[in-house]
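Computed from the coordinates by the stated procedures, all read-outs in this text should not be read as laboratory data. No experiment lies behind these values; they were computed from the predicted model shown. Positions of Cβ are backbone-derived with ideal geometry, glycine not excepted, and every protein chain shown enters the neighbour counts.
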Amino acid sequence: MRRCSVVAIFNWPPMARCQLVLLLLLCIAGAVLASGADGRKPIGVYELKKGNFSVKVTNLGAILMSVVLPDSKGNLADVVLGKDTIAEYVNDTSYFGPVAGRVAQRISRGRFVLDGKVYHLYRNDGRNTLHSGGRQFVKSIWEVKEYVCGGDSPYITLYHYSFDGEQGFPGAVDVYVTYRLSSPYTLGVHMNATALDKATPVNLLSHTYWNLGGHGSGDVLGHTLKLFASRHLVLDKELLPSSGRVEPVAGTPLDFRTPTPIGARIRQASGGQVVGYDANFIVDGEGMRPVAVARDGASGRALELWANQATVQVYTANWLNNTKGKDGKVYNQYAGFTLETMGYVDAVNHPEFPSQTLRPGQKYKHDMVLKFSF
Ligand SMILES: *[C@@H]1O[C@H](CO)[C@@H](O)[C@H](O)[C@H]1NC(C)=O
Ligand SMILES: *[C@@H]1O[C@H](CO)[C@@H](O)[C@H](O)[C@H]1NC(C)=O
Ligand SMILES: *[C@@H]1O[C@H](CO)[C@@H](O)[C@H](O)[C@H]1NC(C)=O
Ligand SMILES: *[C@@H]1O[C@H](CO)[C@@H](O)[C@H](O)[C@H]1NC(C)=O
């Protein structure tokens with residue numbers, strides 16, 4: 001019988017550290033652990049391991065902390081940017097690895113109207129709201145529902161109860177995220193949400209920064225990227241789709257229909273106030289389908305992303321600048337890239353975009369499959 005041990009448990013505030021060994025293959029950690037001194041849920045670091053492929057997850061913000069896999073020469077590396085300690089994740093403002101919601105990305109002027117009622121959110125991005133502002137999912141302590149650390153298909157399921165009025169949104173919502181490893185070198189990220197009592201918008205995303213050469217190995221400008229996207233959502237200086245326009249990528253620095261180095265045209269890419277990609281692409285087709293393929297020539301590692309979402313926001317870590325990362329590494333501009341599959345940006349303020357409104361009892365389902373190779 002295999003035992004799952006939680007790598008570390010931190011009570012709130014993150015200080016005490018102890019190791020916990022749970023019997024049985026299925027470890028229902030959250031239920032077993034005593035809660036912190038002030039009654040809040042403890043924070044743990046959970047490892048999923050399948051041979052030389054492993055990931056670490058924490059229930060703080062449902063953060064994907066690391067993904068370790070070999071390269072073409074057999075060297076293992078962690079291809080996810082992150083922090084060493086939970087305390088640093090608590091302070092982090094760069095969104096290293098969390099699930100963002102209830103409505104991720106930007107909401108114009110931090111307001112929207114639903115069924116004739118005006119809702120106001122906390123504005124944390126100039127006069128707009130980013131990743132839902134205030135009490136963010138990314139700083140919430142999620143409940144560990146299930147944890148299977150090894151075997152053929154290790155997984156962890158995290159749960160967040162988003163109460164009526166949380167962040168300013170109407171109605172309570174059940175939110176689940178499952179991270180699951182499968183063969184060969186495949187990571188599934190499955191998010192779902194159910195509106196419990198009122199209509200509310202829901203749009204989740206996973207905000208992981210990748211560097212296939214290994215985190216802290218330099219910039220990703222030499223990685224090639226292919227996007228299955230022939231159109232993009234036009235974003236303004238505030239990174240909002242104010243015009244509502246969707247335009248072809250052809251003839252622009254956003255044309256990644258054939259594999260192109262991320263750095264090839266990045267100087268012509270406007271990421272709002274800074275140079276770099278922070279762009280939203282409309283993924284061709286519908287349903288579960290290929291979104292992107294990224295490849296690092298030096299290590300030979302590649303990542304192929306499939307998802308069932310309408311768009312993908314690609315961000316090239318434009319704001320990282322001497323940012324302290326894991327293992328003594330320092331991250332600078334373009335040290336990683338994100339592939340944030342999601343619905344249309346600011347759909348709550350654009351009736352012409354596909355709706356993100358979930359009515360009571362309705363379910364939101366977001367599936368991502370990341371296939372690594374080397
Ligand atoms: C990783 O594990 C696979 C399957 O067990 C094995 O074939 C391969 O040699 C391992 N690679 C490294 C770098 O350990
Ligand atoms: C987090 O931020 C607080 C306030 O700025 C600071 O006092 C503390 O040292 C920071 N903690 C870490 C681990 O960076
Ligand atoms: C959401 O995910 C959880 C955990 O995987 C699962 O138990 C539940 O059935 C899912 N709900 C829906 C509506 O798909
Ligand atoms: C990084 O920070 C330094 C010091 O604050 C600043 O001078 C520099 O312009 C910044 N670089 C970028 C790319 O933002």
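Numbers for the structure displayed
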quantity	calculated
Solution diffusion estimate, µm²/s, Stokes-Einstein, the chain, Kirkwood Rh from C-alpha pairs, 4 °C, viscosity 1.567 mPa s	62 µm²/s
Extension reserve of the Arg111-Thr258 stretch, reckoned as 0.36 nm per residue once the Cα distance is removed	49.1 nm
Dipole magnitude of the chain about its Cα centre (Cβ charges: Lys, Arg +1; Asp, Glu -1), debye to nearest 20	240 debye
Centre separation in Å (Cα based) which lies between the stretch 325-371 and the stretch 172-233	6 Å
The stretch 139-223, dipole about Cα centre (Lys/Arg Cβ +1, Asp/Glu Cβ -1), debye to the nearest 20	120 debye
Candidates Pro184, Pro154, Pro248: whichever shows maximal mean-square fluctuation once the chain is modelled as a Gaussian network with Cα springs under 10 Å	Pro184
FRET efficiency, 1/(1 + (r/R0)^6) with R0 22 Å, evaluated for Gln362 and His120 via beta carbons	0.40
Ser153 versus Arg289: modelled label distance in nm, points set 7 Å from Cα along the beta carbon direction	2.6 nm
